[in-house]
Amino acid sequence: MGCCVSTNSDSSANRVARWRSTGIVALRDTKLKALFFLPLESIRTLDLTNNKIGIIFLTLLQVLANNIIQSLPTNIGDLRTLKILTLDGNRITYLPDELGSLQMLEKLSISRNSLISLPQTIGDLRNIVLLNVSQNKLKSLPESIGGCIALEELQASENSIDDLPLSICKLVHLKSLLLNNNNIRQLPQNLLKECKALQSISLHDNPISMDQFQQMDGFEEFESRRRKKFDKQIDSNVMMSSTALDEGLDRR
């Protein structure tokens, strides 16, 4: 079984043989306009960044960043062993419910698209560790997100989110929460108390005040974890940016 792309230079038997032997398909910046994939079980990494792909028919998908994709096929749910899905910089307005069938998915990045909502089935992604939905048009996150029990990093900056669902407090492995440039006026009261692994929150350019944040239950414990994280980096001589000790909120 093999794969076919819409450019003659990439259809040679030699290239397919190389894909089979290495498990790596790298087609960055090749001006592809369409992608037709058949099963190719030996592929471990697929990179199609910076093309002009607008049509995809696939049973294998990993990296399709910076194209012109507007939607995903419903058969994406057949990719049961997929672990990484990167779709940044496309024109996607919605995700199919079948996304929830990707039980092995660990990282989903779909920033810089036009999403107005996330499917409720997002909560079925029990193994997802990183979810990046920044720079979309989201007004809220679904209550079902509390089902993403392995989630460690949630990036949702530059949307129009007003508040967070209470279920986010169930994310006991959550370490980093990025929500810059939204419309958040308050957080779930038990967020800092229940999310005991949380070390970093960034809420710049939101209406919430530092006083509100500091009065939340569990703030002292959170602050202790945050400082311990950076103290450990300093002790390990890890290079940090000038914002490393940023408290995550704008002072008013």
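Each value in this text was obtained by applying a stated rule to the coordinates, not by laboratory testing. Worth saying up front: this structure is predicted, and the values here are computed from it rather than measured. Positions of Cβ are backbone-derived with ideal geometry, glycine not excepted, and every protein chain shown enters the neighbour counts.
Work out how much length His204 to Asn127 would gain on full extension: take 0.36 nm times their residue separation and subtract the Cα-Cα distance, in nm to one decimal. Show your work: numbers first, answer last.
Working: separation 77, 0.36 × 77 = 27.72 nm, distance 2.88 nm.
Length gained between His204 and Asn127: 24.8 nm.
Nearest 0.05, what FRET efficiency do Gln214 and Asp78 give at R0 = 35 Å with Cβ-Cβ as r? Show your work: numbers first, answer last.
Numbers: r = 48 Å, r/R0 = 1.36.
For Gln214 and Asp78, the calculated efficiency is 0.15.
Which of the residue pairs Lys137/Lys193; Lys83/Lys232; Lys193/Lys228; Lys175/Lys228; Lys83/Lys228; Lys139/Lys193 have a Cα-Cα distance greater than 22 Å in the structure shown? Don't skip to the answer; put the middle values down first.
Working: Lys137/Lys193 29 Å; Lys83/Lys232 30 Å; Lys193/Lys228 17 Å; Lys175/Lys228 13 Å; Lys83/Lys228 31 Å; Lys139/Lys193 25 Å.
Beyond 22 Å between Cα atoms: Lys137/Lys193; Lys83/Lys232; Lys83/Lys228; Lys139/Lys193.
What is the calculated FRET efficiency for Met104 to Arg227, with r their C-beta to C-beta distance and R₀ = 30 Å, to the nearest 0.05? Spell out each step's value before the answer.
Numbers: r = 35 Å, r/R0 = 1.18.
So the FRET efficiency works out to roughly 0.25.
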